[in-house]
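The values are calculated or read from the model by the stated rules, or taken from the named source; none is laboratory data. Keep in mind the model is a prediction, meaning the values are calculated, not measured. Here Cβ is always computed from backbone atoms with ideal geometry, including for glycine, and neighbour counts include all displayed protein chains.
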Amino acid sequence: MKGMGKYFVGLLLPPAFESQFNKLKQGFAEQFQVKYALQAPSHLTLKMPFRYREAKERELGARLITLLEAQAPFQLQLADIGHFGRRNIHQQVMPSEPLIQLQTTLRSFCKRSLHLVEELSDRNFQPHVTLAYKDLKPSYFEEVLAFARKNAGHGEFLVEQAYLLKKVEGRWRVMVPLIFGGSSENLQLRATKLST
């Protein structure tokens, strides 16, 4: 019998950026034994992890797909390395109107339609991609931060979908891609349907 699963909604990085972030996180693991961030693909969290009935997982995915049909693709720009206290190091993401609006739409939907608790970090959205946390020891903080600043990259890329992820056997796995309505992939699907 299915029980409760743990999920979150986020943006994943394109393969070139994911590879770059994985190298950085591998460097943390090899030099400082900071490994926890390797358990999830590099991502920007739009809706903090929440518990939901696994039996309704399909319905959850379908509802999120419908919600994001009107979302237009937008550019996401990586900024400098930042940190929250001495236990989290991350790549900052430039806040933009489309990103803030997407997060607000998801936050409102999850609160009203899914009856989920709104976390403080949902209300105080600070877009970032986490590089090190949880097992980052305060004694290593300055060294890890310096390593991140030395090896971090910058860049910009087009965001055409979000993702519903689920924790499976201790690792986050993509369950459903949430393709934006104006994405090239969605436009191609529509064009194919119209021509048949």
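Quick notes
- If the condition is being over 18 Å from the mean Cα position of the chain (by Cα) and more than 27 Å from Ile100 (Cβ to Cβ), then region 138-177 contributes Pro138, Ser139, Tyr140, Phe141, Glu142, Glu143, Val144, Ala146, Phe147, Lys150, Asn151, Glu169.
- Residue pairs whose Cβ atoms lie under 9 Å apart, sitting 6 or more positions apart in sequence or on different chains, and linking a residue in region 161-180 that is touching a residue at least 60 places away in the same chain (Cβ under 8 Å) and within 17 Å of Lys56 (Cα to Cα) to a partner that is of a type in the set (D, E, K, R) and not in a strand (DSSP E or B), are Leu164/Glu57; Lys166/Glu54; Lys166/Glu57; Met175/Glu57; Val176/Glu57; Val176/Arg58.
- Each residue in region 98-108 was checked for being out of contact with any helix residue (DSSP H, G or I) (no Cβ under 6 Å at 6 or more places or on another chain) and crowded, with 17+ Cβ neighbours inside 10 Å, and 4 pass.
- One residue from Gln39, Gln31 being more than 19 Å from Gly82 (Cα to Cα), among the polar types (S, T, N, Q) and touching a Gly at 6+ places or on another chain (Cβ under 7 Å): Gln39
- Residue under evaluation Ser42, criteria (1) more than 28 Å from Arg123 (Cβ to Cβ); (2) in contact with a Phe, Trp or Tyr (Cβ under 6 Å, 6 or more places away or on another chain), criterion not met: (1)
- Subset tally (residues that are under 22 Å from Met175 (Cα atoms), of a type in the set (S, T, N, Q) and either touching a residue at least 24 places away in the same chain (Cβ under 8 Å) or surrounded by 13 or more Cβ atoms within 10 Å (Cβ to Cβ) (or both)) for region 65-97: 1
- Counting the residues of region 47-60 that are out of contact with any Lys or Arg (no Cβ under 9 Å at 6 or more places or on another chain) and crowded, with 17+ Cβ neighbours inside 10 Å gives 1.
- Take the conditions (1) over 26 Å from Gln26 (Cβ atoms); (2) among the hydroxyl-bearing types (Ser, Thr, Tyr); (3) in contact with a helix residue (DSSP H, G or I) (Cβ under 9 Å, 6 or more places away or on another chain); Tyr140 misses just one of them, which is (1).
- Residue among Lys56, Lys47 that alone is free of Cβ contacts under 8 Å to residues at least 40 places away in the same chain and either part of a strand (DSSP E or B) or under 30 Å from Gly3 (Cβ atoms) (or both): Lys56
- Some residue of region 35-43 being aromatic (Phe, Trp, Tyr) and part of a strand (DSSP E or B): no
- Residues in region 122-146 that are of a type in the set (A, V, I, L, M, F, W, C) and within 17 Å of Tyr36 (Cα to Cα): Val129, Leu131, Ala132, Leu136, Phe141, Val144, Leu145.
- Candidate set from region 109-151 (those that are of a type in the set (A, V, I, L, M) and crowded, with 19+ Cβ neighbours inside 10 Å); member that is modelled with the lowest pLDDT: Leu136
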